[in-house]
Amino acid sequence: MAQIKLTNVQKSYLDVEVLRNINLELDSGEFTVFVGPSGCGKSTLLRLIAGLESITSGTLEINGMVMNDVPPAQRGIAMVFQSYALYPHMTVAENMAFALKIAKKSSTEIDKAIRHAADILQLSHLLERLPKELSGGQRQRVAIGRAIVRNPSVFLFDEPLSNLDAALRVQTRLEIANLHDSLEASMIYVTHDQVEAMTLASKIVLLNAGEAVQKEGSIAQVGPPLELYHRPATRFVAGFIGSPKMNFIPGHLESASANQATVRLCNGAVVHAAVDARRAKKGEKIELGIRPEHFSSQTLESDALPGKVSYVERLGEVSYTYLSVEGHQDLVTVRNDGDTPHLANDQVNLHVPAKNSHLFDSEGKAFPRILGTGTAG
Ligand SMILES: Nc1ncnc2c1ncn2[C@@H]1O[C@H](COP(=O)(O)OP(=O)(O)O)[C@@H](O)[C@H]1O
Ligand SMILES: [Mg+2]
């Protein structure tokens, strides 16, 4: 039985629909990440589960019980906010004790819970400090500690790292991953950052934005991180997961068999993709998708995409070459070795390996990929 189950959940504010057609099952112990562009409804979805917002229609079940009208404190969940929301006049220990005092726990019990959380979060030496005497990272740990002492069955995090600098973000990300392992609790984590989603999640729920919500509902795709990377269901998912983002090059379908499609791109180049595109008609408009890291440096006559180097970014370990391709207005991004010899204005011929290519129909739906053995996903 799923620990958390949402059935046909919909949320509107007055006449504005924010979430549509949410059907989702989350299992006990999972690390679920809700990810998507800003404004797509991630926080709203989390707040519906927490009970901080009401559900307009549909059902929320936690551990088999319908929770639509159950108050937040009785749902067995604890939430950690981006803004920390610590009480400024209370010490670290008092901040962590607060919810337990309200719940009328004994002082021995409260003391034990605080020591346990402080120990896990390395806060033991800071228990008597006020929030203003702590760094941003330490405040965030107190906010997490306040959730841990309540021993919830589900932790909810809303962009907990966004107020931290880059180095601290990476460190705290690892701490949250460790916390999940050591507490063996279920966690639901909201972020707009696909790197956080890829590194933390056992299951990603990618939310749609804009017109797609009307057509497909709010959920674009649900699955393990590498499933979304290797088998994105739509162009939107393909473009959201992976950095730098996938290139999309328009063209027409020349022919399709069960395991390969032949495509004529906008600049006349003919390439192949290991997909089953038989549901499309010959001559239909399609888009080829290829990630920057998936071009091959081999120069081959077949499946080559000619382009002109616009500029090269050298990051040391890697270089990103940006190419202009005839008939296509976006530059094509290619990931190369750090010492790539490419220079601006060079003519190059990129090899587009069929096994690495994705293909999307004019509606943005992916054709099924034929992945050989050895390719994850
Ligand atoms: N209390 C509210 N009243 C009206 N609209 C809201 C309210 N809260 C959020 N929204 C709208 O709902 C949409 C989703 O918001 P939110 O869940 O905060 O997005 P995200 O967390 O993905 O950035 C946004 O368009 C936002 O303006
Ligand atoms: Mg938000």
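The values are calculated or read from the model by the stated rules, or taken from the named source; none is laboratory data. Just so it is clear, the model here is predicted, and its values are computed rather than measured. Quick reminder, even Gly has a Cβ in these numbers, built from the backbone with ideal geometry, and neighbours come from all protein chains shown.
What the table below lists for this structure:
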{"quantity": "Meets criteria (β-branched (V, I, T) and within 11 Å of ligand 1 (Cβ to nearest atom)) for T32", "calculated": "no"}
{"quantity": "Within the range 94-109, considering residues that are surrounded by 20 or more Cβ atoms within 10 Å (Cβ to Cβ) and of a type in the set (A, V, I, L, M, F, W, C), the one farthest from P160 (Cα to Cα)", "calculated": "L100"}
{"quantity": "When residues of the range 124-164 are limited to those that are part of a helix (DSSP H, G or I) and among the basic types (K, R), the one nearest to A50 (Cα to Cα)", "calculated": "R146"}
{"quantity": "Yes/no for L60 being away from ligand 2 (no atom under 14 Å from the Cβ), in contact with a strand residue (DSSP E or B) (Cβ under 9 Å, 6 or more places away or on another chain) and either within 19 Å of V190 (Cβ to Cβ) or outside the structural domain of H125 (by TED's automatic domain parsing) (or both)", "calculated": "yes"}
{"quantity": "Candidates A233, A238, A212, A197 - the one that is over 24 Å from H272 (Cβ atoms) and either surrounded by fewer than 19 Cβ atoms within 10 Å (Cβ to Cβ) or more than 16 Å from ligand 2 (Cβ to nearest atom) (or both)", "calculated": "A212"}
{"quantity": "Selection from the range 174-200 of residues that are within 16 Å of ligand 1 (Cβ to nearest atom) and not in a helix (DSSP H, G or I)", "calculated": "I188, Y189, V190, T191, H192, D193"}
{"quantity": "Count of the range 173-192 residues which are more than 16 Å from ligand 2 (Cβ to nearest atom), among the hydroxyl-bearing types (S, T, Y) and surrounded by 19 or more Cβ atoms within 10 Å (Cβ to Cβ)", "calculated": "1"}
{"quantity": "Pair list, Cβ under 6 Å, 6 or more apart: the range 138-159 residue more than 22 Å from I102 (Cβ to Cβ) and modelled with pLDDT of 90 or more, other residue outside any helix (DSSP H, G or I) and within 16 Å of ligand 1 (Cβ to nearest atom)", "calculated": "E159/Q82; E159/V190; E159/T191"}
{"quantity": "Verdict on A143 being within 29 Å of E61 (Cβ to Cβ) and touching a Phe, Trp or Tyr at 6+ places or on another chain (Cβ under 9 Å)", "calculated": "yes"}
{"quantity": "Residue tally, condition touching a residue at least 40 places away in the same chain (Cβ under 8 Å) and either hydroxyl-bearing (S, T, Y) or over 22 Å from G242 (Cα atoms) (or both), over the range 315-347", "calculated": "5"}
{"quantity": "Every residue from the range 45-67 that is under 24 Å from the mean Cα position of the chain (by Cα) and either within 13 Å of ligand 1 (Cβ to nearest atom) or farther than 25 Å from P160 by Cβ (or both)", "calculated": "L45, L46, R47, L48, I49, A50, L52, E53, E61"}
{"quantity": "Scan of the range 62-110 for residues that are outside any loop (DSSP other than H, G, I, E, B) and among the small types (G, A, S), ordered by number", "calculated": "A73, A78, A93, A97, A99, S107"}
{"quantity": "Residue ID - farthest from ligand 2 (Cβ to nearest atom), chosen from residues in the range 27-46 that are in contact with a helix residue (DSSP H, G or I) (Cβ under 9 Å, 6 or more places away or on another chain) and over 15 Å from A220 (Cβ atoms)", "calculated": "G29"}
{"quantity": "Residue in the range 20-27 that is within 16 Å of ligand 1 (Cβ to nearest atom), over 21 Å from A201 (Cβ atoms) and modelled with pLDDT of 95 or more present", "calculated": "yes"}
{"quantity": "Hits in the range 35-44 - residues which are more than 7 Å from ligand 1 (Cβ to nearest atom) and either among the aromatic types (F, W, Y) or outside any loop (DSSP other than H, G, I, E, B) (or both)", "calculated": "V35"}
{"quantity": "Subset of the range 114-170 that is within 16 Å of ligand 1 (Cβ to nearest atom) and surrounded by 17 or more Cβ atoms within 10 Å (Cβ to Cβ) - its residue that is farthest from E30 (Cα to Cα)", "calculated": "L161"}
{"quantity": "Cβ-Cβ under 6 Å pairs, at least 6 apart or on other chains, the range 50-61 side more than 18 Å from F157 (Cα to Cα) and in contact (Cβ under 8 Å) with a residue 12 or more places away in the chain, far side away from ligand 2 (no atom under 16 Å from the Cβ) and assigned to a helix (DSSP H, G or I)", "calculated": "none"}
{"quantity": "Given (1) at pLDDT 90 or above; (2) out of contact with any strand residue (DSSP E or B) (no Cβ under 9 Å at 6 or more places or on another chain), index of the condition A78 fails", "calculated": "(2)"}
{"quantity": "Test: residue in the range 86-99 that is out of contact with any helix residue (DSSP H, G or I) (no Cβ under 8 Å at 6 or more places or on another chain) and charged (D, E, K, R)", "calculated": "yes"}
